[in-house]
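Reading through the structure tokens given below for one structure.
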Amino acid sequence: MASGGVIARAAFAAGALAMTGAANAGEWSPYVNPRFGAAAEIPSEGFTADPPPENGDGQRWTSDEDGGTIAVYGAYQVLADDFEGYRSFALESARESGVKITYERRGQGWFVYSGLDGDTIVYERVEEACGGDAIVAIRFDYPKSAKRRWDKIVKHGAETLEARPSEACR
């Protein structure tokens, strides 16, 4: 008969394995948006692609497990004079929509912010594209209760975001 410790360790291992979900190597699918060149890797299992928007700006996937979403998209940068102005606009827009920003970082040609919108964690990485005429981005919205499951998904997705040659840059 198995001891309580063995059963507890087995239950812990099974739970840890289940929480890693699509965060294991080899379980990622590349996505490239031809219009803006927004490219990133998203989990290859456990997410359902939403119908793409008619304007071809990107794609969104919804988690089959908890309803969280991943969106990879691009847009013309027409909302500010330069990328720094766009960053200010994006952060202010997030705050106005109810996101309490708790984390911000930026570098040359990119910025990241994260925060809470009620019980939803929001994380977005934005990169300059087409010499400043466009942006590409990846955004994650997921339940705060699922943070542990999403940590590796967000890390991998954000690290793989890049602006590739596109129709918008011609």
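Quick notes on this one:
- Within the stretch 21-170: Cβ-based charge dipole about Cα centre, in debye rounded to nearest 20 (Lys, Arg +1; Asp, Glu -1): 380
- Per residue, the Cα convex hull of the stretch 87-133 amounts to 65 Å³.
- Length added when fully stretched, residue 105-residue 69, from 0.36 nm per residue minus Cα-Cα: 10.8 nm
- Over all distinct Cα-Cα pairs of the stretch 37-103, the Kirkwood formula returns a hydrodynamic radius of 14.1 Å.
- Summed side-chain charge close to residue 160 - residues other than residue 160 whose Cβ falls under 11 Å, Lys, Arg +1, Asp, Glu -1: -1
- What the Cα atoms of the stretch 28-162 give is an Rg and a Dmax of 14.2, 41 Å.
- Rounded to the nearest 20, the Cβ-based charge dipole of the stretch 56-120 about its Cα centre (Lys and Arg +1, Asp and Glu -1) stands at 200 debye.
- Taking amide H positions as modeled 1.01 Å from N, with prolines and chain starts lacking one, the residues under 5 Å from residue 134 and 5 or more places away or on another chain are 77, 129.
- Inter-probe distance in nm under a simple model that places probes 7 Å from Cα toward Cβ, at residue 45 and residue 88: 4.8
- 5 angstrom amide H check on residue 38, placed H, neighbours 5+ away: 33, 164
Taken together, the values in this text are just the output of simple stated rules run on the coordinates, not laboratory data. Here the structure is a predicted model, which means the values were calculated and not measured. No Cβ is skipped: glycine too gets one built from the backbone with ideal geometry, and neighbour counts run over all protein chains shown.
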